Structures are given as structure tokens and as C-alpha cells.
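Data first, discussion second: the structure below is written as C-alpha cells.
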Amino acid sequence: MLAVGRGGLRPLPWRATRHPWAVLVAEVMLQQTQASRVVEPYGRFLERFPTPRACAAAGAGAVVEAWAGLGYNRRARALHGAAQILESVHGGVVPDRLEDLRALPGVGPYTARAVLVFAFEHDEAVVDVNVARVLARAVAGAPLGPARAQELADALVPAGRGWAWNQALMELGATRCTARHPRCGGCPLARRCAWQRSPGAPDPGARTTPRQAAFEGSDRQGRGRLVAALRRGPVTPGRLAGVCGWPGDGPRARRVADGVVADGLARRGPGGVLHLP
């Protein structure tokens, strides 16, 4: 069994709770978003929606409004849908079974496992990109596909220590065994690291997936601008193109607005005026 050092974890607020709803909120917010960007919105969101019942009762528009600063606004709509199911099906309680969690909107295999581990302290393995990189370098000494990384991680979780083990691996990958310029000196796994024992070998943790398309000038940027404007108030058809950042491209702005409405992030009122849902 590999030993992971006991160095202090970063004091992230979701690490100080085992409240299942608080953990679920954190994990949805952390999808595709850096932890540093989540800290403040996370606290504000839980003050406003401390329970699934409060979130479900508030309405989708209020949840989208509270999502300001996080981007990927469809996650807000999904979290509201999850809160409604938690209230109507599970009595306002976040379940502790994988299949029940997977049935919630916006909750995939990773998020479901994260809730089981970080809220209920199950001995499961939570494999994000940081953990997969640590395993590829330190354990396998070779690139790992998602299925193999999960299989390997599952075999390594020590009984009764699932929470601490997963947090330690995530911290190691996020702060030391980073994608670029890993700080191998002082790493608690350095002596047993398969990559370090093979001088000159290619980095098995190097990025193999294509980078996301540029955000600047993209439809994603226009969507974000539109939802941000809707948080301030209704948007009329005449303002739509300018709000999206393309004052000379009305058809593109209308197409993006159609997508925002289809995703449940906005609704059209009389005269085509857009509002939060």
C-alpha cells in the first residue's frame, strides 16, 4: 500500500463539513471550475439555500441568479432539478446509494462517488484528473485510461480511510504532482514513484486530451454574457445582440438565446422579452 503524507490540506470550506447537501453543492460547483473560484459563491449559495427544500422551493430563476461568478450555468438548473427530486422522492434527504445519486440531474459517476466519500465516508475511490495523473506517474508508470484509472484507484483505498485517502491524493495532484512542472522533491510518493524510478521515461501524466476551444469570442462567452444580463433584469429583443457581445450579428445572438431558453436558463415572455426562469 502506498503511503500518502499527512501534510495539511488546504482549508477549503467543503472539507470542513459532512453535510450531504453541502457536499453535493460543492461537487456540482467544482465541476470544470477551479476551487479558488468556488469558495465565495459556495458560502453565499448555502446561506441562501441551506437545504434541498429551500433550493427546490426558491425556483430555478433564483438558483441561476445565485450561480453568478461560476459559469457553466446549466449546472445551476441541474442542481435545482436535483433539489426538487430530493424533496419529492427522498424526503429532502441526499441519499447514500450510488444508483440514487446517479439518478439526480447533473450527477454523473464522479460526482456521485464524491458525495459517497466526502459526505458519508464510504471507502470508494474518487478519480478526478489530478488523481488520475498521480496514479499514472506514481503507481502505473504509464498513461491510464479512465476505466483503468478507476480500477486501480478502487484497489488502493484503505479500509476505513476513504475520506482522508481521497483528499490526500487530490491535494497531491492539485498542489505538487501538477500537470506542468511537478514538484517531485519532497513528494511523499517520490521513493516509490514508478516514473521517478525510470529516468528519462516519458511523463505518463502528460496531457493527452485536447484542450477546450478558446472561450474568447465563443458562443459560450455569449451565453455567459446573456445569463449575466438576465440576472440584472429582462432583456428585450432589441438589446439581445449587444448583450451577447455581437451587436452586428443578430442571428447568432438569437441562436444562442434559443439555446439558453432550451436549457431552462431563461424564458420568453410577451414580445420575446427574455427573463430568468
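Nothing in this text is a laboratory measurement; each read-out follows from the coordinates by a stated rule. All values derive from a computational prediction rather than experimental measurement. Cβ coordinates were reconstructed from backbone atoms using ideal geometry, including for glycine residues, and neighbour counts include every protein chain displayed.
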Completion exercise
Every listed condition ((1) surrounded by 12 or more Cβ atoms within 10 Å (Cβ to Cβ); (2) farther than 30 Å from A16 by Cβ) holds for R191 save (1)
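Each row is one residue, and each column tells you yes or no for (1) under 13 Å from V23 (Cβ atoms); (2) surrounded by fewer than 23 Cβ atoms within 10 Å (Cβ to Cβ).
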| residue | (1), (2) |
| --- | --- |
| R75 | no, yes |
| E87 | no, yes |
| D96 | yes, yes |
| A114 | yes, no |
Problem - Total residues in the stretch 32-54, condition crowded, with 18+ Cβ neighbours inside 10 Å, closer than 18 Å to Y72 by Cα and of a type outside the set (V, I, T) - result: 2
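For every residue, the table says whether it meets (1) buried (at least 18 other Cβ atoms within 10 Å of the Cβ); (2) farther than 29 Å from P11 by Cβ; (3) among the aliphatic types (A, V, I, L, M); (4) without any contact (Cβ under 8 Å) to a residue 60 or more places away in the chain.
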site: L169; (1), (2), (3), (4): yes, no, yes, no
site: P199; (1), (2), (3), (4): no, yes, no, yes
site: P204; (1), (2), (3), (4): yes, yes, no, no
site: A241; (1), (2), (3), (4): yes, yes, yes, yes
site: P247; (1), (2), (3), (4): no, yes, no, yes
Practice task
May I ask you to list pairs of residues, at least six apart or on different chains, whose Cβ atoms are under 7 Å apart, with the first in the stretch 223-236 being closer than 13 Å to V64 by Cα and touching a residue at least 40 places away in the same chain (Cβ under 8 Å) and the second being not in a helix (DSSP H, G or I) and not aliphatic (A, V, I, L, M)?
Solution key: G224/G71; V227/N73; L230/H275
Exercise for the section: Would you confirm whether any residue within the stretch 181-188 is surrounded by fewer than 14 Cβ atoms within 10 Å (Cβ to Cβ), in contact (Cβ under 8 Å) with a residue 60 or more places away in the chain and either among the polar types (S, T, N, Q) or farther than 23 Å from P11 by Cα (or both)? Expected result: no
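Can you tell me which of G81, G61, G106 is on the phi > 0 side of the Ramachandran plot and either surrounded by 16 or more Cβ atoms within 10 Å (Cβ to Cβ) or not in a helix (DSSP H, G or I) (or both)?
Testing whether each residue is on the phi > 0 side of the Ramachandran plot and either surrounded by 16 or more Cβ atoms within 10 Å (Cβ to Cβ) or not in a helix (DSSP H, G or I) (or both) leaves just G106.
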